[in-house]
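Each remark here refers to the structure printed beneath this line.
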Amino acid sequence: MTKKHADAIVVGAGWAGSILAKELTEAGLSVIMLERGSERTTAVEGAYPDSIDELRGAIRKRLFQNLSQTTVTVRNTIEQTALPYRQLAAFLPGEGVGGAGLHWSGVHFRVSPEDLRLRSSVVERYGEKFIPEGMNLQDYGVTYAELEPFFDKAEKVFGTSGEAYRVNGKIVGNGNIFDGDRSDNFPLPVMKDTFTASTFRAAATEAGYHPYSLPAANASSQYTNPYGCQMGPCNFCGYCSGYDCYLYSKASPNVNILPALRQDPGFTLISDAHVLRVDLDDTRSKATGVTYLETKTQKEVSLSADLVILSAFQFHNVHLMLLSGIGKPYDPISNTGTTGRNFVYQTITSSRVWLPPSKYTNQFIGAGGVGVAIDDFNSMNFDHGPLGFVGGSPVWVNQAGVKPIAAAIGTGGGGTPRWGSAYKGALIDTYKHSIGIDAHGSNMAYRDVYLDLDPTWKDAYGQPLLRMTFTWKDNDIRMNQYVVSKIEPIAKAMGATKANLVHLNAGQPFDTRHYQTTHLGGGAVMGTDPKTSALNRYLQSWDVSNVFVIGSNAFPQGMGYNPTGMVAALAYWAAYHIRTTYLKSPGPLVQA
Amino acid sequence: MPPKEPTLTRPLRRSFVKGLLGSTSFWMVSGHSHWAEALAQEAQKPYQPTFFTPDEYRFVEAAAERLFPQDQHGPGAQTLGVAEFIDRQMESPYGHGDNWYMSAPFVQGPANLGYQLPFVPRDLYRKGIAGLETYTRQQHGKVFADLPSAAQEQILTALEGGSVSLGDVPGRVFFEQLRTNTLEGAFADPLYGGNKRLGGWLMLGFPGARADFMDWVNQDGEAYPFGPISLSGETA
């Protein structure tokens, strides 16, 4: 019996997978996209009013990964026994068609140009010795100028709202002065400032910083993208993060790509299909297809393909590479191997300021990608010389719509009551009159922070869980503390009656129990040296040249920005080179 | 006669799901809008706990009221129906830990690596309440619900601080479970049995399912002027 064959198999139906599937079907390939979760459409998961139910949505985690089937184990250091991440908390991967792209907020950044060549930039300015011992600081191997057309394309597909600073070398507006040059404006005008965002904007200006509007993949007006997919205008309902947008205003693969893709006769989407491994030939240098489990029938199915795209969530991509034997697993002791190397996260701390009781911050009003930020302490935008750390952090007010259960659970602690009458009073005051300010920063890669397979725990399919070895390091803790200290003058200028500035503390280990961010990265990074990167600069596996691995797994270090815009640009970048070069002559695009 | 359209003040009522509510089978077929209507209907009735025993239910009512008391700020857990909410949640997939990774071995480790017990929420309540009532009787000679507020607060403070062991369940773990579910019950949509008469949302100024704020994106710090509405159309 012959196996079913496709020209290309795409694993994972999120942003990266949908972009690759779209590009490859446009190139005339037959494409099968496998998604382990269920089918999802706005007509069902986004139907008002069920879609805006906080308990069912963000609290019971309707759209997130079901850990009962598979999870990861986590430890802080190599000496510890990693334990399973049994309850969703610190990070929230998606599941189902759309992936994390269905439940994301919509903050749609590009990249700080210097972040793509961070090692080179740090060495040029401060010398090699500035890099701390054990930090695997690396360049991406691709420049901002090379990626710019793909950032532009992604913004047009996503219907991104924003205000540019510089287009084709000409200053055009009040955007971020630290941004790289753009070839075009945002496709949609900037979203309005909420009251909290305008308060922050005025105060940051007064404090001498350079505020800008967050680029938001929340549509400021109706929009039809290049694929003919339509978006409706956002009404600031506040149900972005953790929800399927009932107004078709937040960009998602489900709204912005799949409606066009589903019409292509060359495209097949199979949901409830959990990929177990990429099948390799005897030389282990060529993929022959994939084997997946039909989760509804528990039947194993093998498909053959000429090209395999891994585009699952960051750590699922790395997990699949390890399970399939793609590349050499990273070993932190011998410092060899690349699959699992440079696993990174982001530093995020949320501070809060209170305005006088006459001012209502109406925190339930918002949109996931909307807000005002400063980049004065992000990337290489400030002098690190006297500070002695690498990296940085934007600071922002990003009022995405604060719901009552989340507010109630999060109020109290740090010496203030978490229950009882005093707690109730503080909760009401905080909900009505406060503003959240985040420092959402970089996280560097370290020799002893990595991903591998767990020796003990298995998933529902009998395969070893992925193991994370991760904790906060001194460099990143000091960076976070420095940036958080810069919030103080902003709080003063806001007329705050009280401020609670929150930062990481020296020696503080990573804690899996509290939500931080889902912006995990690295583990199969892109680069120019096969000894330190699993992928070449086109996100092609150095070891198995008909496998491309698309996602934030490719980031050599965690950047201060939200990753989705960068993931989308890298997806279009890889797709472009597959279409223009690889398909004409399959094989390595870069010689190792 | 066909059902009438729902209005802002009169939720749509339907009876065909009667009896299925609270059972797992109901939740499994619940991916459509009837689910909200059915839950809303159920939330209107006098409540008989199905998971908790009467004694356990008295404990949950009393403990939730101490955690979220009636006071000058507004209604407490009892008025808001928090115990009913928790009882109903125990019969939902959540109560059975449906999206928790529950594979052995269960190895205890540092707290920051997260929950590592072999118990789902239903187990935590059953074991936690039994353990805490044993502790309460030893310390005070009465069950929790019969103690004065000050003694109840003292017990909850000890529980939160980690100085009480409840047999298989660390006191702090049970405290966090109780606190989280109490706050969920105070502020979830009323269709789950808590937040009765939208009392939780009124207290916070949260407008519920309005979900359209184009008129109030930025009114220079003026309070949002409209009261809450629930998913089923109840207003307050």
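What residues from region A:348-377 fall in the zone where the backbone N is under 16 Å from a label point 7 Å along the Cα-to-C-beta line of B:ASP71?
In region A:348-377, the label zone of B:ASP71 (backbone N under 16 Å from the point 7 Å along Cα→Cβ) covers no residue.
Obtain the nm distance between the two label points defined at B:ASP212 and B:ASP123 by a simple spin-label model: each point lies 7 Å from its Cα along the Cα-to-C-beta direction.
4.7
Between region B:191-212 and region A:530-555, what is the C-alpha centre distance in whole Å?
For region B:191-212 versus region A:530-555, the Cα centre distance is 49 Å.
What pairs in A:LYS192/A:LYS486; A:LYS129/A:LYS170; A:LYS424/A:LYS492 have C-alpha atoms more than 29 Å from each other?
Working: A:LYS192/A:LYS486 25 Å; A:LYS129/A:LYS170 37 Å; A:LYS424/A:LYS492 26 Å.
Flagged as over cut-off: A:LYS129/A:LYS170.
Apply the a/c threshold of 1.5 to the C-alpha gyration tensor of region A:361-461 and tell me whether it is rounded, prolate or oblate.
Details: a/c = 2.06, a/b = 1.26, b/c = 1.63.
Oblate shape, in that a/c is at least 1.5 and b/c is the bigger or equal ratio.
Packing-wise, with mean Cβ within 10 Å as the measure, how do A:332-340, A:21-29, A:129-137 rank, highest first?
Values: A:332-340: 17.4, A:21-29: 20.8, A:129-137: 15.9.
The peptides rank, most packed first, as A:21-29, A:332-340, A:129-137.
Cross-link candidates for B:LYS127: which aspartates and glutamates have Cα within less than 18 Å, leaving aside residues fewer than 8 places away along the same chain?
B:ASP55, B:GLU56, B:GLU61, B:ASP87, B:GLU91, B:GLU160, B:ASP168, B:GLU176
Given a 1.4 Å probe, show me the residues in region B:57-79 buried by at least 20 Å² of accessible surface when comparing the whole protein assembly to the chain alone.
B:LEU67, B:PHE68, B:PRO69, B:ASP71, B:HIS73
Assuming 1.567 mPa s and 4 °C, estimate D for region A:513-557 with Stokes-Einstein, Rh taken as the Kirkwood radius over Cα pairs, in µm²/s. The partial results should precede the final answer.
On the way: Rh = 10.9 Å.
After rounding, the answer is 119 µm²/s.
Give me the log10 of I(q) over I(0) for the protein assembly as shown at q = 0.06, 0.08 Å⁻¹, as the Debye formula computes it from C-alpha points; what are the numbers?
-0.37, -0.68
Select from A:VAL157, A:ILE131, A:LEU83 the residue farthest towards the positive end of the dipole of region A:69-163; place +1 on Cβ of Lys and Arg, -1 on Cβ of Asp and Glu, and compute about the Cα centre.
It is A:LEU83, whose Cα lies furthest towards the positive end.
State which helices in chain A qualify, where a helix is a whole DSSP H run, it must extend 27 Å or more along its own axis by its Cα atoms, and its mean Kyte-Doolittle hydropathy must be at least -0.5.
On the way: long enough: none.
Membrane-span-like by this rule: not one helix.
In peptide B:92-102, what is the residue-averaged number of other protein chain Cβ atoms found within 10 Å of each Cβ?
Numbers: counts 3, 2, 5, 0, 1, 4, 4, 14, 8, 17, 4.
Rounded to a whole number, the mean comes out at 6.
Cut-off under 14 Å on the C-alpha distance; same-chain residues fewer than 8 positions from A:LYS153 excluded. Which aspartates and glutamates are left, in chain and number order?
A:GLU23, A:ASP184
Give the residue from A:LEU147, A:THR581, A:GLY558 lying farthest towards the positive end of the charge dipole for chain A; charges sit on Cβ (+1 for Lys and Arg, -1 for Asp and Glu) and the dipole is referred to the Cα centre.
My answer, from the dipole projection, is A:GLY558.
Please give the FRET efficiency for A:THR205 paired with B:ALA158, using the beta carbon to beta carbon distance and R0 = 60 Å, rounded to the nearest 0.05.
My answer for the efficiency is 0.75.
Okay, helix-only estimate at 222 nm for the protein assembly as shown: each DSSP H run of n ≥ 4 adds -39500 (n - 2.57), divide by all residues, round to 500 deg cm²/dmol; what do you get?
About -8000 deg cm²/dmol.
Would you tell me the mean number of C-beta atoms belonging to other protein chains that fall within 10 Å of each C-beta in A:65-72, as a whole number?
4
Would you kindly calculate the mean projected area, averaged across all directions, of the convex hull enclosing the Cα atoms of region A:504-587, in square nanometres?
Mean projected area for region A:504-587: 7.0 nm², to one decimal.
Would you please give the FRET efficiency between A:GLN591 and A:GLN69, computed as 1/(1 + (r/R0)^6) with r the Cβ-Cβ distance and R0 = 35 Å, to the nearest 0.05?
Working from the Cβ atoms, E equals 0.30.
Give me a single rounded figure for B:167-179: the average over its residues of other chain Cβ atoms within 10 Å of their Cβ.
Details: counts 0, 0, 0, 0, 0, 0, 0, 0, 2, 3, 0, 1, 6.
Per residue, the average neighbour count from other chains is 1.
Using 0.36 nm times the number of residues separating A:GLU133 and A:ARG513, minus their current alpha carbon distance, what extension gain do you get?
Extending this stretch completely gives an extra 133.9 nm.
Label points 7 Å out from Cα along the Cβ direction at B:SER165 and B:ALA104: separation in nm?
Spacing of the two 7 Å Cα→Cβ label points: 2.2 nm.
Roughly how many nanometres apart are two label points built 7 Å out from the Cα toward the Cβ at A:LEU323 and A:ASP383?
Going from the A:LEU323 label point to the A:ASP383 one covers 5.2 nm.
To the nearest 0.05, what FRET efficiency results for A:LYS4 and A:GLU124 with a Förster distance of 41 Å applied to their C-beta separation?
E between A:LYS4 and A:GLU124, to the nearest 0.05, is 0.20.
For A:ARG166, which sequence-distant residues (separation of 5 or more, or a different chain) have an amide H within less than 5 Å of its own amide H, given hydrogens modelled in the peptide plane?
Distant-sequence amide H within range of A:ARG166: A:VAL172, A:ARG182.
Please give the charge dipole size of chain A, origin at the Cα centre, charges +1 on K and R Cβ atoms and -1 on D and E Cβ atoms. Round to the nearest 20 debye.
940
Straight-line reach from A:LYS498: which aspartates and glutamates have a Cα under 19 Å away, not including same-chain ones fewer than 8 places off?
Output for A:LYS498: A:GLU206, A:ASP429, A:ASP438, A:GLU488.
The values are calculated or read from the model by the stated rules, or taken from the named source; none is laboratory data. Computed from a predicted model, the values in this text were never measured in an experiment. Heads up, the Cβs are rebuilt from the backbone with ideal geometry, glycines too, and the neighbour counts pull from every protein chain shown. Accessible surface is based on the protein model in full, side chains and every heavy atom, while ligands, DNA and RNA are left aside. Shrake-Rupley method; radii C 1.70, N 1.55, O 1.52, S 1.80 Å.
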